[in-house]
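Here the structure is laid out as structure tokens; the discussion comes afterwards.
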Amino acid sequence: MLDLNILSEQTIDMPQAPYQARHFINGEYIDSADGRKSDRVSPSHGIVVSQAALGSEAEAEAAINAARTAFDDGRWSGLSAKDRAAVLNKVADLIEQNEERLAVIETLESGKPISQSRGECGGAADLWRYAASLARTSHGDSHNTLGEDILGMVLKEPIGVVSIITPWNFPFWILSQKLPFALAAGCTCVVKPSEMTPSTTAMLGEMLQEAGLPAGVCNIVLGYGTPVGSLLSTHPDVDMVTFTGSTAVGKTITKSAGETLKKVALELGGKNPQVIFADADLDSAADAVTFGVYFNVGQCCNSSSRIIVHEDIADDFIARVVALSRKVVFGNPMHPDTQVGAIVTQDHQAKIDGYVKDAVDAGAELCLGGGVLNVPGLGDQFYQPTIVRGVTPDMAIAREEVFGPVLTVLTFRDFDEAVALTNDSTYGLSAGVWSENVHTCLAFARKAQAGTVWTNTWMDGFPEVAFGGMKESGQGREIGRYGFEEFLEVKSLVMRIGRSRAPWVKTT
């Protein structure tokens with residue numbers, strides 16, 4: 001056993017019975033017509049914590065029809081931005097009031113620590129409030145310079161019915177990066193959460209009702225990607241799909257959505273580097289690297305799963321990260337001191353372990369970890385903090401998204417090599433740079449092919465700042481004004497003043 005901080009005791013009471021997650025369609029909670037349900041077994045505790053209705057094409061079709069009707073009759077898009085914002089702000093208040101309830105079920109379904117779930121579920125309220133502010137400040141353009149008899153305007157209108165498909169790793173947070181912005185724009189929505197973490201999304205329906213959202217404006221269908229997600233991506237009454245998940249599934253959605261030329265926004269995978277130059281604050285950088293690789297058990301598209309370290313400081317820096325890794329608290333997610341919880345499924349844990357073993361077989365060196373972690377009383381669906389050096393750029397562990405608490409180390413000699421290694425990836429979600437020289441940081445930020453570049457920090461985010469990737473990390477943006485405008489269609493309006501249009505047909 002590694003010398004690690006492992007917590008097995010528990011301080012939060014477990015629910016008395018599994019949560020019953022149901023579809024929310026046209027303002028009503030319903031079961032599947034065929035009565036089918038799926039059990040979610042907690043990855044940390046091995047017990048059934050929720051039972052969710054399993055949707056079919058019938059439930060998906062009903063939800064799309066409800067959203068289409070609600071959009072076309074203007075019950076939401078026809079409201080003033082002030083009225084829409086008022087509903088979103090009420091939802092934010094209700095999210096904060098229900099933070100603990102949301103956090104407990106999210107922790108049990110996902111395996112993430114309760115302290116993290118509290119921060120994400122409660123903190124999501126700020127996304128709803130920011131979206132409300134955007135609803136009230138949205139505007140187009142006017143062109144008063146086209147001639148005395150012409151006035152041009154550019155209007156922004158809601159794109160229509162939006163399918164929102166969310167992943168299991170940040171169920172409530174990622175939903176809140178999409179849904180309130182779509183609603184702020186005046187769209188109607190159909191939401192499908194992951195079948196592994198459906199409950200916090202289902203709970204949100206109660207809050208939407210209580211806040212006064214009209215029936216049919218937001219609908220929630222539970223179930224698998226096939227058939228539910230497939231229909232949400234292909235149905236002709238859906239105008240846009242926004243998806244967060246794997247690059248492979250994102251490509252499939254893009255292809256299927258192309259049959260109806262609906263808009264697609266994607267936030268996909270990442271193989272995100274942090275580059276550490278020799279003049280960096282090594283203590284701060286080491287802490288950020290440790291956070292970046294173990295946060296959410298590394299099951300995070302923004303995980304800094306590869307570091308690129310100047311060769312002169314590599315040994316020193318790796319030693320610092322190893323020492324910090326031993327102090328990170330792994331174990332029972334229901335203890336508030338736990339920092340790293342369980343792996344989402346046993347199959348995924350085996351996949352993580354496979355990447356590590358393949359790298360070692362190919363000549364890489366294990367500096368720490370590299371195997372299953374047993375937490376007394378909770379079993380072995382946990383993985384050790386793992387650091388692998390001697391990695392070459394061609395290894396799968398250096399190129400593919402491991403999605404676990406595994407850090408790969410590469411080294412560089414000069415600035416150009418650091419940039420080349422950074423950009424030698426099919427992904428382009430995030431990158432980080434550590435240097436006390438502002439010129440180095442700015443030069444790197446301009447050359448890095450990534451949607452977000454952090455300098456001397458990692459994973460600081462704000463509702464105002466857009467998020468999204470380049471290359472195979474996605475298309476479009478979330479949050480911020482740019483994320484809001486993804487849900488708007490641009491319409492040009494050209495008006496002639498007076499009877500000044502010259503006839504085209506010559507009558508004489």
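The values are calculated or read from the model by the stated rules, or taken from the named source; none is laboratory data. From a predicted model like this one, the values you see are computed outputs, not experimental measurements. Heads up, the Cβs are rebuilt from the backbone with ideal geometry, glycines too, and the neighbour counts pull from every protein chain shown. We work out accessible area using only protein heavy atoms, side chains counted, and drop any ligands, DNA or RNA first. Shrake-Rupley method; radii C 1.70, N 1.55, O 1.52, S 1.80 Å.
Hey, which of these cross-link pairs are over 19 Å Cα-Cα: 37/351; 271/327; 251/351; 192/471; 192/263; 255/351? From the list (37/351; 271/327; 251/351; 192/471; 192/263; 255/351), the Cα-Cα distance tops 19 Å for 37/351; 271/327; 251/351; 192/471; 255/351. Residues whose amide H falls under 5 Å from that of residue 21, counting only those 5 or more places apart or on a different chain, are 51, 52, 53, with hydrogens built in the peptide plane.
Between the residues 431, 303, 230, the greatest Cα displacement towards the positive end of the dipole of the chain, with unit charges on the Cβ of Lys, Arg, Asp and Glu, is found for 230.
Here the calculated FRET efficiency for residue 230 and residue 279, from their Cβ-Cβ distance with R0 = 51 Å, stands at 0.50, rounded to the nearest 0.05. Considering only beta bridges that DSSP places wholly inside region 117-200, some 40 percent are antiparallel. Within 10 Å, at most 14 other Cβ atoms, and a DSSP state outside H, G, I, E, B define an exposed site. Report the longest part of the chain free of exposed GluC sites (Glu not before Pro). No qualifying site falls inside 10-147, the longest such stretch. Taking a ≥ b ≥ c as the square roots of the Cα gyration tensor eigenvalues, region 1-50 comes out prolate, since a/c reaches at least 1.5 and a/b is larger than b/c.
Near residue 219, the amide H atoms lying under 5 Å from its own belong to 189, 190, 191; only residues 5 or more places off or on other chains count, and H is placed 1.01 Å from N. With all protein chains kept in place, the per residue accessible area of the chain amounts to 40 square angstrom at a probe of 1.4 angstrom. Among 108, 85, 137, flag the residue with its Cα farthest along the positive direction of the charge dipole of region 24-145, charges on Cβ as +1 for Lys/Arg and -1 for Asp/Glu. Of the listed residues, the answer is 137. Each residue of region 37-47 was assigned a 3J(HN,Hα) from its phi angle through the Karplus expression (A = 6.51, B = -1.76, C = 1.60, θ = phi - 60°), giving 9, 10, 8, 9, 8, 4, x, 8, 10, x, 10 Hz with x at Gly and Pro. Taking H placed 1.01 Å from N in the peptide plane, check which residues at least 5 places from residue 474 or on another chain put their amide H under 5 Å from its amide H. Sorted by chain and number, the residues that satisfy this are 268. In terms of the Cα gyration tensor, with a ≥ b ≥ c the square roots of its eigenvalues, is region 11-145 rounded because a/c is under 1.5, prolate because a/b exceeds b/c, or oblate? Oblate, because a/c is 1.5 or more while a/b does not exceed b/c. Karplus-derived 3J(HN,Hα) values for region 486-493, using 6.51 cos²θ - 1.76 cosθ + 1.60 with θ = phi - 60°, are 4, 9, 10, 9, 9, 10, 8, 10 Hz; glycine and proline are entered as x. When you work out D = kT/(6 pi eta Rh) for the chain at 37 °C and 0.692 mPa s, using the Kirkwood radius from C-alpha pairs as Rh and the Stokes-Einstein form, the result is 136 µm²/s. Neighbours of residue 373, meaning other residues whose beta-carbon lies under 14 angstrom from its beta-carbon, give a summed charge of -2 when Lys and Arg score +1 and Asp and Glu score -1. How many angstrom lie between the C-alpha centres of region 323-363 and region 1-58? Measuring centre to centre over Cα atoms gives 22 Å. The share of accessible area on region 365-508 that comes from carbon and sulfur is 52 percent, using a 1.4 angstrom probe.
Summarised as an ellipsoid, region 313-391 has semi-axes of 23, 18, 8 Å, derived from the eigenvalues of the Cα gyration tensor scaled by 5 and square-rooted, with the largest first. For region 1-109, the share of accessible area belonging to carbon and sulfur comes to 46 percent (1.4 Å probe, ligands and nucleic acids excluded). Each residue of region 153-169 was assigned a 3J(HN,Hα) from its phi angle through the Karplus expression (A = 6.51, B = -1.76, C = 1.60, θ = phi - 60°), giving 9, 10, 9, 10, 10, x, 5, x, 8, 10, 8, 10, 10, 10, x, 8, 7 Hz with x at Gly and Pro. A straight line joining the Cα centroids of region 236-287 and region 380-410 runs 19 Å.
Relative to the dominant Cα principal axis of the chain, helix 282-294 is inclined by about 70°.
A simple count of charges around residue 242, restricted to other residues whose Cβ falls under 12 Å of its Cβ and scoring Lys, Arg +1 and Asp, Glu -1, yields +1.
Here, region 93-203 has an Rg and a Dmax of 18.6, 65 Å when only alpha carbons are counted.
Note on region 252-341: with charges restricted to the Cβ of Lys and Arg (+1) and Asp and Glu (-1), its dipole about the Cα centre is near 680 debye. Of all DSSP beta bridges confined to the chain, the antiparallel ones make up roughly 45%. The long axis of helix 346-361 is offset from the longest Cα principal axis of the chain by roughly 60 degrees. Assign one of three labels to region 441-481, namely rounded, prolate or oblate, based on the Cα gyration tensor with a ≥ b ≥ c the square roots of its eigenvalues; rounded applies when a/c is under 1.5, prolate when it is not and a/b is larger than b/c, and oblate otherwise. It is oblate, given that a/c is not under 1.5 and a/b is not larger than b/c. Relative contact order of the chain: 19 percent, from C-alpha pairs under 8 Å at least 6 residues apart in sequence.
Under the convention that each Lys and Arg Cβ holds +1 and each Asp and Glu Cβ holds -1, the size of the dipole of region 377-508 around its Cα centre is about 1260 debye. A simple count of charges around residue 345, restricted to other residues whose Cβ falls under 15 Å of its Cβ and scoring Lys, Arg +1 and Asp, Glu -1, yields -3. Using the Cβ-Cβ distance between residue 82 and residue 2 with R0 set to 60 Å, the FRET efficiency from 1/(1 + (r/R0)^6) comes to roughly 0.60.
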